[in-house]
Each structure stands twice: as C-alpha cells, then as structure tokens.
1. Roughly how big is the stretch 30-125's charge dipole about its Cα centre, with Cβ charges of +1 (Lys, Arg) and -1 (Asp, Glu), in debye to the nearest 20?
2. Please sort 198-211, 117-130, 171-184 by packing, taking for each peptide the average over its residues of neighbouring beta carbons within 10 angstrom, highest first.
3. Of the listed peptides 158-164, 106-112, what is their order by residue-averaged count of other C-beta atoms within 10 Å, with the highest listed first?
4. For the stretch 158-236 and the stretch 53-122, what is the separation of their Cα centres, given in Å?
5. Would you mind checking the radius of gyration and Dmax of the stretch 88-236 based on alpha-carbon positions, in Å?
6. Rounded if a/c is under 1.5, else prolate if a/b is larger than b/c, else oblate: which is the stretch 60-156, with a ≥ b ≥ c the root eigenvalues of its Cα gyration tensor?
7. For THR97 and ASP167 in one chain, what is 0.36 nm times their gap in residues minus the Cα-Cα distance, to one decimal in nm?
Amino acid sequence: MWPKTREVERELRQMKRQTRIIMVLVTLVMAVPALGGVVDTKHNFTSPTASPNAYFFGTRQVCVFCHAVHNASTTYSPLWNHETNGATPYTMYTSDTMDMVQSASPHEGSLICLSCHDGTIAVNSLNNVPGPEGAGNYGAPGGSGLDASGRLTSSSHAFVGTDLRDDHPVGILYDANRDPAFHPKTGSSASYPDKLLDQGLYVECNSCHNPHDNTYTNFLTESNASSALCLRCHIQ
Ligand code: HEC
Ligand code: HEC
Ligand code: HEC
Ligand code: HEC
C-alpha cells in the first residue's frame, strides 16, 4: 500500500506544481492587454471587440491604417499611410483672451488626427493597402460610428469635425512670454510644457494625446487626475 500512496502523493504534488505554473501563465496572459498598446484600443480597426463603433470587415493588419513600410506619405511622418488632408479648411478656435500666435490652420501633430476625426476622409482610405493594390480602401465598414463609405460621422463621440471652435485651441505657437498664466519652456524638462509640444513648438492634438496608448483613457499622453495634464502648461 505504502509505495502506492507515495506515488499518488508525488503525482498530486506534481499536479499542484503544474497548476501553479498554469496559474502563473494565465495571470501573465491576462496581464498582457494592459501592455498591449494599440491592439487593445479603439484604434484597432480590425476588431469589433476593441473598436465596437468603428471597424472594418476583412482586415487583419492594425498598424497599416496609419503607417506603411513602403510607399508611405512624404507629407507627414512617421511613414504615414492614411490619406492626408492638407487642403481641408478648418475653422480655428477664437477667443478675445488668447495672447499667443495661432496659425491659420493646424500643424501636422493635429492634421494626422483630423485626417480621420474631421469626418471628411474614410478611416480606411490608405496610400498603400496590404497586398499589391496600391492606394485604396481597406476592408468594408462596420459599426455605428461610420457611414457606408467608412467616414466617422457625428454619431461617434470621437467625431471632431472641421469646425474646431468648440475644441481646445491647436495651431498655437507656445510662448509663455505672451501670457503670464503659462509655464515657461525650460528646454527639456519632463514636468514642463516642453515634451508636450509638437515639433517642440506648437500645441496640437498630440500635445495631449498618444494614439497608441489608452492607459489614461481617451488616449491621453499622461494622467489628467487633478488636471495634472492641463497644469503642465497652464499655471491655474
Ligand atoms: C490610429 C492611428 C495609428 C495606429 C493604428 C498606429 N499608429 Fe503609430 N503613430 C500614429 C501617430 C499619429 C504617430 C505620431 C505621434 C506623434 O507625432 O506624437 C505615430 C507614431 C509612431 C511611431 C514613431 C514613434 C512614436 O511612438 O511616436 C512608431 C514607431 C509607430 N507609430 C509604430 C506603430 C505600430 C508598430 C503600430 C501598430 C502596432 C502603430 N504605430 C499603430 C498613429 C497610429
Ligand atoms: C486612421 C484613422 C484615425 C486616426 C489617424 C486617428 N484616429 Fe482616433 N479614432 C478613430 C476612430 C475610427 C475611433 C473610434 C470611434 C468610435 O468609437 O466611435 C477613434 C477614437 C479615438 C478616441 C476615443 C477613444 C475612446 O476611448 O473613446 C480618441 C480620444 C482619439 N481617437 C484621438 C485621436 C488622436 C488625438 C489622433 C491623432 C494623434 C487620432 N485619434 C488619430 C480614427 C482615427
Ligand atoms: C490641451 C489638451 C488637448 C488637446 C490639444 C486636444 N485634446 Fe482631445 N481630449 C483632451 C482631454 C483631456 C480629453 C478627455 C475629455 C474628457 O474626459 O471629458 C479629450 C478627449 C478627446 C476625444 C474623445 C471624445 C471627447 O470629446 O471627449 C477625442 C476624439 C479627442 N479628444 C480628439 C482630439 C483631437 C482630434 C485633437 C486635435 C484637433 C485634440 N483632441 C486636441 C485633451 C486635449
Ligand atoms: C501643451 C500645453 C497645454 C496643455 C497641456 C493644455 N493647454 Fe490649454 N492652452 C494652451 C495654450 C498655449 C492656450 C492658448 C493661450 C493663449 O493664446 O493665450 C490654451 C488655451 C486654453 C483655453 C482657452 C483660453 C482662452 O483664452 O480662450 C482653455 C479654456 C484651456 N486652454 C483649457 C485647458 C484645459 C482644461 C487643459 C487640460 C485638459 C489644457 N488647457 C491643457 C496650452 C495648453
């Protein structure tokens, strides 16, 4: 009897160890989405699970909606693959209390976002679709945020439109000398405006948003708890 019981015990121990290993693996796999980057966000247009209001049937590549390794746009960086919107007119934010210089239209750090978010160009309209096709549309639209040709519509909460008067100003050359309510640039400090400015100069969409990472929700570049993001630039 004894040896048998010991054998069973050994087997039990082994099973326990295996279960522990499996649990560790399961925990690791479950932890991956938090580190998954763009794949687990609404910017994964291949997946109705990740992006339920805006996805494309028959698509598999995630990055290609925005980047291409060949035949990319030379207008925007980095290796931009979405149809560009340089000629689209935008109505800029206006206000009597603005002191800094605002351009007549947004710069690249906003145009790249608006090329989808203004609703004038299909989300799947690419310079280079996967395969040998060249420029064209990738997949067929699905989800309540898109129209039949794949453009974002005002039914999506992420629709920004071409009228930017109701949005935080963009196209602004950041200059705290013109307004004492703003932190000065220091050259490189991470706790000041510097790192947030497009090309080191401008307030654009990418000052506050990182299109790859939804850690802080709404693709924010950092946490806005207690308005910390706002206070990187604004003094009050
Ligand atoms: C919805 C559009 C979108 C998707 C999808 C996307 N990117 Fe990007 N990516 C951008 C934008 C916009 C920038 C420029 C960011 C900036 O200027 O702040 C960028 C920048 C980059 C850069 C330059 C360095 C950096 O992080 O700023 C790399 C590398 C990159 N993307 C890789 C990828 C890869 C790999 C994927 C797929 C797994 C991907 N991107 C998916 C929009 C996207
Ligand atoms: C290739 C097209 C495309 C580009 C480029 C793009 N977006 Fe999006 N974005 C979308 C679509 C489509 C959605 C999902 C809309 C929906 O769910 O209704 C979305 C969703 C979002 C959301 C909502 C996220 C949420 O959790 O609800 C934010 C914020 C956003 N985008 C910001 C940006 C910013 C900022 C940029 C530029 C740095 C950008 N996007 C570039 C197409 C794009
Ligand atoms: C000064 C910072 C800042 C700038 C610049 C900015 N955003 Fe946002 N954006 C935010 C914050 C903060 C939120 C989250 C708002 C909330 O939680 O209510 C947000 C939310 C969004 C959303 C989600 C829908 C919504 O209205 O809440 C979209 C889409 C979006 N931004 C796109 C853009 C685009 C496109 C640009 C450039 C034209 C831009 N943002 C410029 C800070 C900014
Ligand atoms: C990257 C720097 C930066 C960040 C981050 C930022 N802002 Fe701004 N904001 C500016 C600049 C620059 C102006 C234009 C100031 C001027 O021209 O005097 C501005 C203007 C504004 C205005 C309009 C002021 C007016 O006179 O009409 C409001 C309101 C505002 N910001 C709120 C916010 C909020 C809320 C946040 C956080 C979600 C935020 N900002 C984050 C730089 C920033």
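A short reminder: the numbers here are calculations on the coordinates, not readings from a lab. Please read these numbers as outputs of a predicted model, since none were measured by experiment. Reconstructed Cβ throughout: ideal geometry from the backbone, glycine too, with neighbour counts over all protein chains shown.
1. Numbers: 2 positive and 6 negative charges, 85 e Å.
The dipole magnitude comes to about 420 debye.
2. Details: 198-211: 18.9, 117-130: 21.3, 171-184: 15.6.
Listed from highest to lowest mean packing, they are 117-130, 198-211, 171-184.
3. On the way: 158-164: 16.4, 106-112: 23.0.
So the order, starting with the most tightly packed, is 106-112, 158-164.
4. Measuring centre to centre over Cα atoms gives 17 Å.
5. 17.3, 55
6. Details: a/c = 2.99, a/b = 1.56, b/c = 1.92.
Judged from the Cα gyration tensor, the stretch 60-156 comes out oblate (a/c at least 1.5, b/c at or above a/b).
7. Working: separation 70, 0.36 × 70 = 25.20 nm, distance 1.54 nm.
So the extension gain works out to 23.7 nm.
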